[in-house]
Amino acid sequence: MKEYIIKGLMVIAALMSPIKPLLIACGFLILADMVTGMISANKRKEKINSADMRRSITKMVVYQFAIISGFVLEKYMLDDLLPVSKLVAGVIGMVEFKSILENASVIAGQDILKMVMDKLGSKNAKVK
């Protein structure tokens with residue numbers, strides 16, 4: 001019985017190997033959001049509790065499952081017609097990156113995105 005479980009896990013790992021970079025990137029962004037969120041909460045003098053940590057773990061599982069589901073849809077139902085797994089991972093990545101920027105803004109005490117746009121922008125092109 002143990003051999004079948006090990007072989008089954010190896011088959012699943014082999015089938016999921018094309019999306020390994022997506023899963024790792026998603027996991028990294030969630031971890032970065034959690035760390036910056038904890039630092040941001042500490043800066044705002046908020047207590048960090050287990051419910052907040054649980055939310056990050058739940059998010060990790062749900063997001064990873066969404067990417068895997070997108071890959072199964074893409075590979076076995078759409079025959080690679082659309083890169084569904086990359087689209088799902090892209091949306092997740094944008095959401096997490098936005099959250100990281102919001103946390104970084106709290107940590108820095110100023111709007112990071114606005115600061116970058118001001119540095120990159122021309123003095124002649126003022127956005128109203």
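Which option, [x] 11, 29, 26, 20, 10, 2, 1, 0; [y] 13, 42, 30, 11, 4, 1; [z] 13, 50, 34, 3, is the value of P(r) over Cα pairs in 10 Å bins from 0, in percent that was calculated from these coordinates?
Comparing each candidate, only [x] matches the computed number.
By Kyte-Doolittle mean hydropathy of at least -0.5 and Cα axial length of at least 18 Å, which whole DSSP H helices of the chain are selected?
Values: long enough: 2-16 (21 Å, 1.31); 20-43 (34 Å, 1.20); 50-72 (33 Å, 0.63); 84-108 (36 Å, 1.23).
Qualifying helices: 2-16, 20-43, 50-72, 84-108.
Name the shape class, rounded, prolate or oblate, that the alpha-carbon gyration tensor gives for the range 1-46, where a ≥ b ≥ c are the square roots of its eigenvalues, rounded holds for a/c under 1.5, and otherwise prolate holds if a/b is larger than b/c and oblate otherwise.
Details: a/c = 9.49, a/b = 2.69, b/c = 3.53.
Judged from the Cα gyration tensor, the range 1-46 comes out oblate (a/c at least 1.5, b/c at or above a/b).
For the range 73-93 and the range 1-64, what is the separation of their Cα centres, given in Å?
Taking the Cα centre of each part, the range 73-93 and the range 1-64 sit 19 Å apart.
Measure off 7 Å from each Cα along the Cα-to-Cβ vector at Val61 and Leu81, then give the distance between these two points in nanometres to one decimal.
3.3 nm
Values in this text are rule-based calculations from the coordinates and carry no lab data. Note that the coordinates shown come from a computational prediction; the quantities given were computed from them, not determined experimentally. When we count neighbours, we look across all protein chains shown, and the Cβ atoms used for this are built from the backbone with ideal geometry, even at glycine.
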